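> Quick one: this structure, given as structure tokens, is what I'll be asking you about.
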Amino acid sequence: MSNKIRVGALISGGGTNLQAIIDRSLAGQLDAHIVFVGSDTPRAGGLERAGKHHIPRFCVDYSDIIRRYREDPGGISPPPDFDMDRVLSRQHLFPPGTDPGTLTRFFTARAAAEAALLEQMAVHGFDLLVLAGFMRTLTPYFIDRVNGDPEKPRIMNIHPAILPAFPGVDGYGDTYRYGCKVGGCTVHFVDYGEDSGPIIGQRAFPIAPGDSLDAVKEKGLRQEWELYPECIQLYAENRLRVVRRGYAPGDGRTAERSVVEILARSAS
Ligand code: GAR
């Protein structure tokens, strides 16, 4: 077993993934402990779970910051170290040609919220940040301040679909409505795009003819509760390496992307 790593978690919802990680950690099945839980909304049920386990918690109310910025753009300034050109040159959340005003509004308000998150997180040392149902995209401003070494990313996300299929906010719903016969979930490192980062682990499950969307979500969550702790454990054991690999995107070009290699467990 390796030394325990310190894991921070960001959530937006009920926090069943957070609970699965806490449970594994308390059962001694995970070389990790949760050092804080942060939320983008005061309504996240997972904040109560954190409280029950005496884990430090905080909330940065994104909706409030975004609303205040919309009502009075001069009233909320971006953090002093915010560089719009740098963020725009890195982000993959909006396609080329997006209206510059839209970009300015989005990234300025996000940077204000993200700076508040970073300030809260800085109170606690952490090795890994896990997004456990955190329903906000993170911008390069935030990502660059958490990731020091590009070969050792420090932010993981769990997504309710087999990426690269169905990125976005409703992975199980999109899978179900498309008529897929298999659903799944993915844990990946976060990069500058939406659900596009290097894949660490995936699980799949069959979708039976009579399954409702609720049944699909339930099957999926059960897989998530297994998969996320497994991926965190791989990180704790220092068995994840990000390398560049060529691939064919399907339009006749060849391209390169970052992929995760999982190293064998060391003999010692
Ligand atoms: C999970 O299904 C997770 O995959 C999804 O939100 C749910 C959170 O459930 N995350 C996303 O869609 C991220 N884009 P939980 O709060 O019970 O862990």
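> Kindly check whether there is at least one residue in the range 19-36 that is open to solvent by less than 20 Å² (accessible area, probe 1.4 Å) and charged (D, E, K, R).
yes
> Residue 52 fails exactly one of the following numbered conditions: (1) open to solvent by 30 Å² or more (accessible area, probe 1.4 Å); (2) over 23 Å from residue 222 (Cα atoms). What is the number of that condition?
Only one criterion is unmet by residue 52, namely (2).
> Looking only at the range 49-65, which residues are free of Cβ contacts under 8 Å to residues at least 24 places away in the same chain, not hydroxyl-bearing (Ser, Thr, Tyr) and not in a strand (DSSP E or B)?
51, 52, 54, 61, 64 - these are the residues of the range 49-65 that are free of Cβ contacts under 8 Å to residues at least 24 places away in the same chain, not hydroxyl-bearing (Ser, Thr, Tyr) and not in a strand (DSSP E or B).
> Where in the range 128-211 are there strands (runs of 3 or more DSSP E), lying fully within it, with 3 or more residues that are at pLDDT 95 or above and within 12 Å of the ligand (Cβ to nearest atom)?
Counting at least 3 such residues, we get 155-159, 182-189.
> How many of the residues making up the range 220-245 are within 11 Å of the ligand (Cβ to nearest atom) and either open to solvent by 20 Å² or more (accessible area, probe 1.4 Å) or farther than 14 Å from residue 186 by Cβ (or both)?
4
The values are calculated or read from the model by the stated rules, or taken from the named source; none is laboratory data. Computed from a prediction, not measured in an experiment: that's the story for all the values here. Don't worry about glycine lacking a Cβ; one is built from the backbone with ideal geometry, like all the others, and counts go over all protein chains shown. The protein model used for the area step is the full one, side chains on, heavy atoms only, and it has no ligands, DNA or RNA in it. Shrake-Rupley method; radii C 1.70, N 1.55, O 1.52, S 1.80 Å.
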